[in-house]
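Q: First the structure, which I've put down as structure tokens, then a few questions once you've had a look.
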Amino acid sequence: MNYQEILEDIHQEILHRLPAGKVATYIPQLASISPQKFGMAVQTVDGELFHVGDALENFSIQSISKVYTLALGFTFEGDKIWSRVGLEPSGSTFNSLVQLEYEQGIPRNPFINAGALVVSDILVSHLKEPQVSFLEYVRQRANNASIHDDPQVARSERQAGFRNAAMANFLKSFSNLTNEVEEVLEFYCFHCSLSMSCVDLAKGFLFFANKGHCPWTNQKVLTPSQTKRVNALMLTCGTYDAAGDFAFNVGLPGKSGVGGGIVGVIPNRLTVAVWSPGLNEKGNSAAGQYALELFTTKTGVSIF
């Protein structure tokens, strides 16, 4: 299959639709990104890489980082992790306090903010230097030692993150945070502030398409069973409160972030990453989701 030709066809079609959606403004550092940006990359398990547009330009991955934190937390805790965070779609906004109270401090899944805070707490407990160790983990997955965080984005998110702070304190009141609230929030904002490109993400998610094996380090990062479960959570919970719509139209496990990135996984075949900053009403990249829909339509490849 000629993936490069398919990506170029998609790129031309998307250019006619830009700008699409609205750039996130509640994190001030994201508000200045041009809505005309678009990049897309495909990495196959056979080692081939294809990309178009702004696929080499770094952007704030935001909630996409939560897949990496879950994978690392799963490595440390195994199935014990599910005693502290659930497995179900939220059915409500990603930062709902009402749902967290109703379910007595057990977040619905690890990709909503409360769930990601719990997973962040787990990593803070296991890692002597959480920021250093986590950054190295992501760099190894993507085979790029230059990946870095963006302190301005982290600071911006922390200063505006009153609801996240409320959730962290709420979790602490239910004894579902073991570390200090400020330490957990600092690490949470750090990993959401990572700056990566579509190429980085396509390469960095390849182990989810490869039964947990990272080809760049020749390392078994997750077991095949754990990989299957993380992919399942991406399908059911990875795109905020639009997982059903995403599965219906795109047909891939995927994870989005309010920076405009989305990464999709086709097990045993490839990963595909897309970036376009304008978001739809559910907080997912408008042009990015359409590009992924075009990709699965033009290739005839999805998990269904």
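Quick note: the coordinates plus some simple rules give every number you see, no bench work behind them. Every value quoted in this text rests on a predicted model; they were computed, and no experiment measured them. Backbone-built Cβ (ideal geometry, glycine too); neighbour counts: all protein chains shown.
Q: Would you calculate a helix-derived [θ] at 222 nm for the chain, using -39,500 (n - 2.57) for each DSSP H run of n ≥ 4 and dividing by the full residue count, to the nearest 500?
A: So the calculated ellipticity at 222 nm is -13500 deg cm²/dmol.
Q: Here's another thing I want to ask about it. How large is the Kirkwood hydrodynamic radius of the range 195-304, counting all unique pairs of alpha carbons, in Å?
A: After inverting the pairwise mean of 1/r, the radius is 13.8 Å.
Q: Please compute one quarter of the surface area of the Cα convex hull for the range 36-134 and express it in square nanometres.
A: Quarter of the Cα hull surface area: 8.9 nm².
Q: Any chance you could run the full-extension gain for Phe248 through Thr217? It's 0.36 nm times the residue separation minus the Cα-Cα distance, nm to one decimal.
A: 7.7 nm
Q: Let me ask something else about it. For Glu182 and Glu281, what does the FRET efficiency come to when R0 = 30 Å and r is the distance between their Cβ atoms, rounded to the nearest 0.05?
A: 0.35
Q: Most fluctuating residue of Val124, Val98, Val52 in a GNM of the chain with Cα springs under 10 Å: which is it?
A: The residue that fluctuates most here is Val98.
Q: Could you calculate, for the range 58-192, the ratio of the Cα radius of gyration to the Kirkwood radius, expressed as Rg to Rh?
A: We get a ratio of 0.94 for the range 58-192.
Q: A follow-up question, please. Got a sec? How would Met1, Met234 order by Cβ neighbour count within 10 Å, fewest to most?
A: Met1, Met234
Q: While we're here: Can you tell me the relative contact order of the range 3-299? Whole percent, Cα pairs under 8 Å, sequence separation 6 or more.
A: Result for the range 3-299 is 28 percent.
Q: For the range 113-185 and the range 29-99, compute the distance between their C-alpha centroids and round to whole Å.
A: 14 Å
Q: Can you pull the one-decimal nm distance between simple spin-label points at Arg17 and Ala160, each 7 Å off the Cα toward Cβ?
A: 2.5 nm
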